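**Q** What follows is a single structure, and I will ask about it in a moment.
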Amino acid sequence: MNFSCVEFRPKSHHSITARSFSTSGSEKSLPWLAKDKAKQAKRPEKVVANRSSWEESADKLFKGGVSSVEFKDYSGEEKEEEDEMDDPRWDKIKSRFNRVKVRPGGSDRPEVRRWNNQDSWGKKTWKEATESTLPRMVGEGIYGVGPVLAALSSGRRELYGLYIQQGLDLSGNNRKKKDKKGFERVLTMADKAGLGKKEVSKHDLNMITDNRPHQGLVLDASPLEMVAIKELEPVSIEEQETTSLWVALDEVTDPQNLGAIIRSAYFFGASGIVLCAKNSAPLSGVVSKASAGSLELMELRSCKNMMQFLASSAENGWRVLGGSVSSRAVPLHEIVPGAPTILVLGSEGTGLRPLVERSCTELVRIPGNIPVDIIAGQDEDAECDNSISGQNFKSFMAVESLNVSVAAGVLLHHLIGSKNN
């Protein structure tokens with residue numbers, strides 16, 4: 001009697017060991033195991049994949065990767081393999097293939113042909129990415145229609161180039177009438193001056209101006225140079241008859257405020273602006289834009305020592321008025337306009353420095369809706385209680401002073417604005 005046992009090992013070994021035992025002493029293998037060994041030897045090794053070869057061929061065909069489909073002959077396979085190919089997904093693949101018309105030359109669209117002909121498109125993209133398209137500025141950028149037009153008219157700067165936004169349409173109602181006329185005047189003056197013009201993208205202009213409103217124009221020009229001054233000349237008889245006023249700015253560092261003060265001074269007819277040589281905002285394109293181009297037309301002076309400048313000018317007959325919020329300051333309506341005056345304004349946070357305030361012959365303040373004692377800071381040491389009256393709450397929430405540019409406009413209107421009327 002013959003008997004046999006089959007030993008199954010864990011799946012990790014992927015092998016089956018069969019042992020046969022015979023009482024007669026001869027070893028025989030099972031018929032079905034021998035058939036399986038012969039089948040494994042005949043079948044080529046295959047890589048098990050999640051998708052069949054038919055699906056991969058169909059995907060390549062639909063993506064345009066191949067112009068023809070190669071069919072393999074599986075007639076030599078076992079019948080079991082033919083049963084494996086009887087997949088309902090195959091009907092779907094055949095129907096999709098029958099609807100597709102394969103073109104050996106690829107697509108006829110010109111953009112597809114250009115894309116296929118670009119063998120080194122990656123290198124071109126990298127080259128474009130590494131090379132900056134921003135124009136190299138020789139000086140500083142003056143942007144905006146008004147500032148550029150004023151810079152071309154004044155002739156105080158050296159001009160290096162004019163950059164214009166690409167695709168800017170000036171026809172019809174695409175731009176405001178005022179900006180359109182100014183833009184055309186800028187182009188005409190640039191042609192007369194022989195200034196080189198170059199069209200650049202809007203993105204590049206935004207990068208040059210730090211995303212500020214440039215209106216499609218950026219002028220490359222040299223920085224403005226200020227004339228150093230130690231004192232103002234003695235008051236002449238003509239200056240006594242006419243209202244002459246200079247604005248002295250003590251460490252005004254905000255370019256927006258500086259530009260707004262220069263614009264107000266130019267509008268009311270001030271004689272000029274005196275700045276500190278240190279701790280003042282530079283006369284950049286931001287200041288020119290904030291002044292609407294008045295920076296290019298205004299008389300500008302700089303002094304190293306503001307206290308010495310004010311003291312020496314006072315000795316030469318100039319009235320020095322310092323804008324202050326102190327209780328010692330005289331209300332604005334008590335100041336008589338007409339005399340040659342130097343109006344001194346301080347920085348945004350601290351106002352006039354103590355030594356500069358002492359150099360003024362008189363202090364002036366703009367009356368507001370705030371009590372004088374609160375402005376002077378006399379109630380800083382008052383004890384706070386839980387019950388706050390309406391007046392105290394109002395004084396606590398109120399703004400103690402005006403912005404320096406707004407205050408400059410009010411003071412200039414009172415001191416020299418009346419002569420225009």
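The values are calculated or read from the model by the stated rules, or taken from the named source; none is laboratory data. Remember, predicted model here, so these are calculated numbers, not experimental data. Don't worry about glycine lacking a Cβ; one is built from the backbone with ideal geometry, like all the others, and counts go over all protein chains shown. Protein only, heavy atoms only, side chains kept; ligands, DNA and RNA dropped before computing areas. Shrake-Rupley method; radii C 1.70, N 1.55, O 1.52, S 1.80 Å.
**Q** Starting with the highest mean, order 202-208, 360-366 by the number of other Cβ atoms within 10 Å, averaged over the residues of each peptide.
**A** 360-366, 202-208
**Q** Still on this structure: Tell me the carbon and sulfur percent of the accessible area for segment 140-221, rounded to whole percent, probe radius 1.4 Å.
**A** 45
**Q** At a Förster radius of 41 Å, what calculated FRET efficiency corresponds to the Cβ-Cβ distance of L168 and V112, to the nearest 0.05?
**A** Plugging the Cβ-Cβ distance into 1/(1 + (r/R0)^6) gives 0.80.
**Q** What order do you get for 246-257, 209-220 when each peptide is scored by the mean count of other beta carbon atoms within 10 Å, highest first?
**A** 246-257, 209-220
**Q** Which FRET efficiency value, to the nearest 0.05, is calculated for S154 and E362 with the Förster distance at 41 angstrom and r the Cβ-Cβ distance?
**A** 0.75
**Q** For segment 140-221, what does the alpha-carbon gyration tensor say about shape, rounded, prolate or oblate, given a ≥ b ≥ c as the root eigenvalues, a/c under 1.5 as rounded, and a/b over b/c as prolate?
**A** Taking the square roots of the gyration eigenvalues as a ≥ b ≥ c, segment 140-221 is oblate.
**Q** Of K39/K94; K230/K289; K37/K60; K180/K289; K60/K92, which pairs sit farther than 26 Å apart, going by alpha carbon to alpha carbon?
**A** K39/K94; K230/K289; K37/K60
**Q** Per 0.36 nm of contour for each residue apart, how much would the distance between V138 and K39 grow if the chain were fully extended, relative to their Cα-Cα spacing?
**A** Result: 27.4 nm gained on full extension.
**Q** While we're on this one: Give the accessible surface of segment 140-221 per residue, rounded to a whole number of Å², with probe radius 1.4 Å and ligands, DNA and RNA excluded.
**A** 54
**Q** Continuing with this model, one more query. Rounded, prolate or oblate: which fits segment 176-331 when a ≥ b ≥ c are the square roots of the eigenvalues of the alpha-carbon gyration tensor, with rounded for a/c under 1.5 and prolate only if a/b beats b/c?
**A** The shape class here is prolate.
**Q** Size of the dipole of segment 140-221 about the Cα centre, Lys and Arg at +1 and Asp and Glu at -1 on the beta carbon, nothing else charged, in debye to 20?
**A** So the dipole magnitude of segment 140-221 works out to roughly 440 debye.
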